[in-house]
């Protein structure tokens, strides 16, 4: 018998990133702005997506990829708003990955989409390791998760492009400081927009809508 | 966490590479785990050990190497991340260790480069 050491050098995580790059090229070719919504269970991702569709759907053609471990409740909620929604069940996985998104993109008429909203699985850990091909990474964190949640999950906040501190109207009731949460995000990632939002505060929601609009308009010009 | 699916992907690669190299058996599999990934080495080890039970890699030794990022500063300073894993008397050897590290030369915050890998480094086979 001969012993033989094979030097492999295959990076399993980088394989995902390569596929994500392909997804991004496909989205770019069709002028689609893709947004990866990450955040814990119950942080308000689905509601935020619903409101975004209701408001920005007047101006942009929106589609949604709704990731969930099992079931398609979120996809059902979103589809009611009349936008194309692809439910993606991740099965045992706690995150969307580029392969799942690649498959979902095949079911979408990308030429007729301006903004693609991708709702990740509710989790602040695993999605951080996986690029999907998105142009914008958005982390939604609610005050009800406790105001030390940002520092507990530094990696996802380091890799995001926008941070949303959501349900700010509940801060007092749960003894959370939105100022602390904002400072923690800025400490980790000083350049990004940090929005404090509540669906009961129209002005804060408008800030979010105009942030997304400005990214979408920028892409249209490209 | 996603250790199980990553372990499956690693094992699929190990089996196909071993078979295409006419392996009769696999002695060891060496995997590098980046310190900045969320992969837990103990869980990955557990999953890989469970997966080498009924294939060509049965009985193979699993070797996990931790991969530290390089800490780099705008001023040009750079050194391996393992040099920056103490905070006073405390050893901080996880993701936190590489997030806010001031440069020993100029005091600015350094940037972590690498450490995000999960690499099948080598496979030791019997032909």
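Side notes on the structure shown:
- Matching residues in segment A:83-117 - criterion: being under 21 Å from residue A:22 (Cα atoms) and in a loop (DSSP other than H, G, I, E, B): A:90, A:95, A:96, A:97, A:107, A:108, A:109, A:113, A:114
- Per-region count, segment B:48-62, residues under 16 Å from residue B:6 (Cβ atoms) and surrounded by fewer than 19 Cβ atoms within 10 Å (Cβ to Cβ): 2
- Enumeration of residues in segment A:69-82 that are under 30 Å from residue A:14 (Cβ atoms) and either at pLDDT 90 or above or not in a helix (DSSP H, G or I) (or both): A:69, A:70
- Condition check for residue B:88 on (1) at positive phi; (2) within 12 Å of another protein chain (Cβ to nearest Cβ): one failure, at (2).
Each row is one residue, and each column tells you yes or no for (1) under 12 Å from the mean Cα position of the chain (by Cα); (2) touching a residue at least 40 places away in the same chain (Cβ under 8 Å).
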| residue | (1), (2) |
| --- | --- |
| B:43 | no, yes |
| B:48 | no, yes |
| B:51 | no, yes |
| B:54 | no, no |
| B:57 | no, yes |
| B:61 | no, no |
| B:64 | yes, no |
| B:69 | yes, yes |
| B:76 | no, no |
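- Any chance residue A:128 is free of Cβ contacts under 8 Å to residues at least 40 places away in the same chain and surrounded by 20 or more Cβ atoms within 10 Å (Cβ to Cβ): no
- Scan of segment A:118-129 for residues that are in a loop (DSSP other than H, G, I, E, B) and out of contact with any helix residue (DSSP H, G or I) (no Cβ under 6 Å at 6 or more places or on another chain), ordered by number: A:121, A:122, A:125
- Against the test of being in contact with a helix residue (DSSP H, G or I) (Cβ under 9 Å, 6 or more places away or on another chain), on the phi > 0 side of the Ramachandran plot, at pLDDT 95 or above and crowded, with 19+ Cβ neighbours inside 10 Å, the options A:167, A:196 yield a single qualifying residue, A:167.
- Residue count, segment A:140-164 (criterion: touching a helix residue (DSSP H, G or I) at 6+ places or on another chain (Cβ under 7 Å), without any contact (Cβ under 8 Å) to a residue 40 or more places away in the chain and within 22 Å of residue A:130 (Cα to Cα)): 8
- Tally, over segment B:34-52, of residues that are in contact with a helix residue (DSSP H, G or I) (Cβ under 7 Å, 6 or more places away or on another chain) and facing another protein chain (nearest Cβ under 10 Å): 4
- Residue selected from segment B:3-22 under the condition facing another protein chain (nearest Cβ under 9 Å) and surrounded by fewer than 23 Cβ atoms within 10 Å (Cβ to Cβ), by the criterion farthest from residue A:127 (Cα to Cα): B:21
- Residue match in segment A:20-30 (condition: farther than 19 Å from residue A:103 by Cβ and outside any helix (DSSP H, G or I)): no
The values are calculated or read from the model by the stated rules, or taken from the named source; none is laboratory data. Owing to the predicted nature of the structure, the values given are computational and were not obtained by experimental measurement. Here Cβ is always computed from backbone atoms with ideal geometry, including for glycine, and neighbour counts include all displayed protein chains.
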